[in-house]
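Okay, so here's the structure we're looking at.
The values are calculated or read from the model by the stated rules, or taken from the named source; none is laboratory data. Nothing here was measured: the structure is a model prediction, and the numbers come from that model. Positions of Cβ are backbone-derived with ideal geometry, glycine not excepted, and every protein chain shown enters the neighbour counts. Side chains included, ligands, DNA and RNA excluded: accessible areas come from the protein's heavy atoms. Shrake-Rupley method; radii C 1.70, N 1.55, O 1.52, S 1.80 Å.
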Amino acid sequence: MMPSLFIAHGAPTLALENNDYTKMLKELGSRLPIPRAIVLFSAHWEEPVQAVSAVEKYDMIYDFYGFPPEMYDIVYPAKGDTVLAKQVLNLLAEQGIDTRADTIRGIDHGAWVVLRLLYPQANIPVVVLSVNPGLSPEEQYRIGQALTPLRKDGVMVIGSGGTVHNLRRVNWQSTEAEAWAVKFDDWLEEKIEKWDTGSLFTYETEAPYAREAVPRNEHFIPLLLAMGAADNGRKGTLLHQEYQYGTLSLSCWRFD
């Protein structure tokens, strides 16, 4: 059974950094069982209907501005998997989830930053999926749950986002996490380890500093999607936790 993962992708420049977090992700890619394919939910692809990439090969999307020139020279030649994309569409449809196939969109940094660190050779097919901020946490979890059978078939499910992701409160000179950010993540860790979905589904009112940590939910959603894909095992392991610029959480969770 392949694990599912939640991986924070941080600032786009994570792709160029050499730190404890990037080292961990590189090592993780070599330690994990090699998946036959990856299904990845990207926080940077928002759609009102669940979209599933059905392309043979992805073009690069540089969906950021004002970063170092070398960021725009990065190429991650990810290949798609149209057969797997169809399987994903069918699994979601079986659970009554509206879907559509996307045959145009390239791969955004929410996906390629993470994949480049885990699997730099780009030799594993990838199917990228969108997120829908308009759905409830329960509905997000159910989408992930619908994809659980893929894990039995050697497919890794990844949610790429960020548990604390407040760009308005970013301090580019900060080397310390904001206290409220840590308190939110500590609450989250406790609930995930207990697999307390009741509390997680109502995190907006239950969690301390939820509004500060999650001003918009598009980066939080991939956590629920990745957890849903591991509903049959309900075991969460925090592999890494640190912070960028005070308010960007760099966390990585494994779900089995």
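Solvent-accessible surface of the chain, averaged per residue with a 1.4 angstrom probe and all protein chains in place: 43 square angstrom.
For mean projected area of the Cα convex hull in nm², one of (1) 14.8; (2) 24.8; (3) 12.2 was computed from the structure I shared and the rest are decoys. Which label? Of the listed options (1) 14.8; (2) 24.8; (3) 12.2, (3) comes from this structure.
Taking packing as the residue-averaged number of other Cβ atoms within 10 angstrom, the listed peptides 37-45, 24-32, 183-191 run from highest to lowest as 37-45, 183-191, 24-32. Multiplying the residue separation of Arg36 and Lys57 by 0.36 nm and subtracting their alpha-carbon distance yields 5.9 nm. Length gained on full extension, Asp20 to Arg216: 67.8 nm, using 0.36 nm per residue less the C-alpha separation.
Peptides 64-75, 220-231, 135-146 ordered by packing proxy, namely the average of other Cβ atoms within 10 Å per residue, highest first: 220-231, 135-146, 64-75.
Each part gets one Cα centre, and for the stretch 206-230 versus the stretch 1-48 those centres are 17 Å apart. With contacts taken as Cα pairs under 8 Å and at least 6 residues apart, the chain reaches a relative contact order of 32 percent.
Per-residue Karplus couplings for the stretch 88-103, computed as 6.51 cos²θ - 1.76 cosθ + 1.60 with θ equal to phi - 60°, are listed in order as 4, 4, 5, 4, 5, 5, 4, 9, x, 9, 5, 9, 8, 8, 10, 10 Hz, Gly and Pro entered as x.
Of the residues Ala37, Leu5, Cys252, the one whose Cα sits farthest towards the positive end of the charge dipole of the stretch 4-255 is Ala37 (charges of +1 on Lys and Arg Cβ, -1 on Asp and Glu Cβ, taken about the Cα centre).
When the helices of the chain are scored as -39500 (n - 2.57) per DSSP H run of n ≥ 4 and the total is divided over every residue, the value at 222 nm lands at -9500 deg cm²/dmol.
Take every DSSP beta bridge whose two residues both sit in the chain; close to 40 percent of them are antiparallel. Split the accessible area of the chain by element, probe 1.4 Å, and carbon with sulfur accounts for 48%. For the chain, the dipole from Cβ point charges (+1 on Lys and Arg, -1 on Asp and Glu) about the Cα centre works out to 580 debye, to the nearest 20.
Amide H to amide H, with H built 1.01 Å from N, Ile158 comes under 5 Å of Leu5, Val39, Leu40, Phe41, counting only residues 5 or more places away or on other chains. All other residues whose Cβ lies under 14 angstrom from that of Leu32 are scored, Lys and Arg at +1 and Asp and Glu at -1, for a net of +3. A dipole drawn for the stretch 109-256 from +1 and -1 charges on Cβ atoms has a positive end, and of Asn123, Trp195, Gly162 the residue lying farthest that way is Asn123. Here the dipole of the stretch 32-143 is about 380 debye; that uses its Cα centre as origin and unit charges on the Cβ of Lys and Arg (positive) and Asp and Glu (negative).
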